[in-house]
Structure formats: structure tokens, C-alpha cells
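Note sheet for the following structure.
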Amino acid sequence: MGFHCPERQTTADFLTSLTSLSERQAKPGFENRVPRTPDEFVEAWKKSDEYQKLLHDIVAYKEEFPLHGPQLDAFKKSRAAQQAKRM
């Protein structure tokens, strides 16, 4: 996206710094291209390949594991079998 990640900064610290206007730094040449506002971050996310893949994965998951489908009954039976008799 054009943000600078300082050397030796952990991924978690870098991602956290992106939430702070005073901490995030744009790479040279990206100063006017990186998202600045929450709405701009949302727009960039929704245009990303990662977002499209996530939407695809959600649809595939829901098709494989529908709500109240056969996997739910199998889970309930498995859970009941694991519990002690008088619990």
C-alpha cells in the first residue's frame, strides 16, 4: 500500500502503527497515495485481491458447512459422547 515499515519493527507493531495518524509513515513517493482516513482504508481493503479471496472463501465455507446442516448433528453427537454420563 505504500507504508514504510522500519527495520526491526515487528509485524504486530507495524500494523498497530497504521492505526495511528502520528505513527504511520508513507514511503517516499507514496505520501499522497496511501489511505489516510478510515473510509479510505475500507475502500482500499474492498478493492484488494485479499478481500475478493475472503468473499470467495466465505461462500465456499457456507456451501460446505450450511447452518443447521448434517455437520451440526454430527458435532452434537460427538460432544455428547465426550461428556461424562451424569454431567
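The numbers here are math on the coordinates, done by the rules we state, and not lab data. Treat the numbers as computed from the prediction; the structure is a model and nothing was measured. Because the Cβ atoms are built from the backbone with ideal geometry, glycine has one as well, and the counts that use them run over all protein chains shown.
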* Structure fact -> Volume per residue (Å³) of the convex hull spanned by the alpha carbons of the chain is 192
* Asked: Just in the range 12-87: which trypsin sites (Lys or Arg not before Pro) are loop by DSSP and have at most 13 other Cβ atoms within 10 Å?
  -> Arg33, Arg36, Lys47, Lys85, Arg86
* Asked: How many nm separate the modelled label positions at Asp73 and Ser22, each set 7 Å beyond the Cα in the direction of the Cβ?
  -> 5.9
* To do: State the extension gain, in nm to one decimal, for the chain segment bounded by Phe65 and Ala80, taking 0.36 nm per residue of separation less the distance between their alpha-carbons.
  => 3.4 nm
* To do: Would you be so kind as to identify which of Met1, Pro66, Tyr51 lies farthest towards the positive end of the dipole of the chain, taking Lys and Arg as +1 and Asp and Glu as -1 on Cβ and the Cα centre as origin?
  => Pro66
* Provide, for q = 0.24 Å⁻¹, the log10 of I(q)/I(0) from a solvent-free Debye sum over equal Cα point scatterers in the range 48-87. => -0.77
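Note down the net charge around Phe65, summing +1 for each Lys or Arg and -1 for each Asp or Glu among other residues with Cβ under 15 Å from its Cβ.
Net charge in that neighbourhood comes out at -2.
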* Asked: For the chain, what is the charge dipole size about the Cα centre, in debye to the nearest 20, if Lys and Arg each add +1 at the Cβ and Asp and Glu each add -1 at the Cβ?
  -> 620
* Asked: What's the center-to-center distance, using Cα atoms, between the range 1-30 and the range 53-81 in Å?
  -> 38
* **Estimated 222 nm signal from helices in the chain, with DSSP H stretches of n ≥ 4 weighted -39500 (n - 2.57), rounded to 500** => -16000 deg cm²/dmol
* Structure fact -> Plugging the Cβ-Cβ distance of Phe30 and Glu7 into 1/(1 + (r/R0)^6) at R0 = 22 Å yields, to the nearest 0.05, a FRET efficiency of 0.75
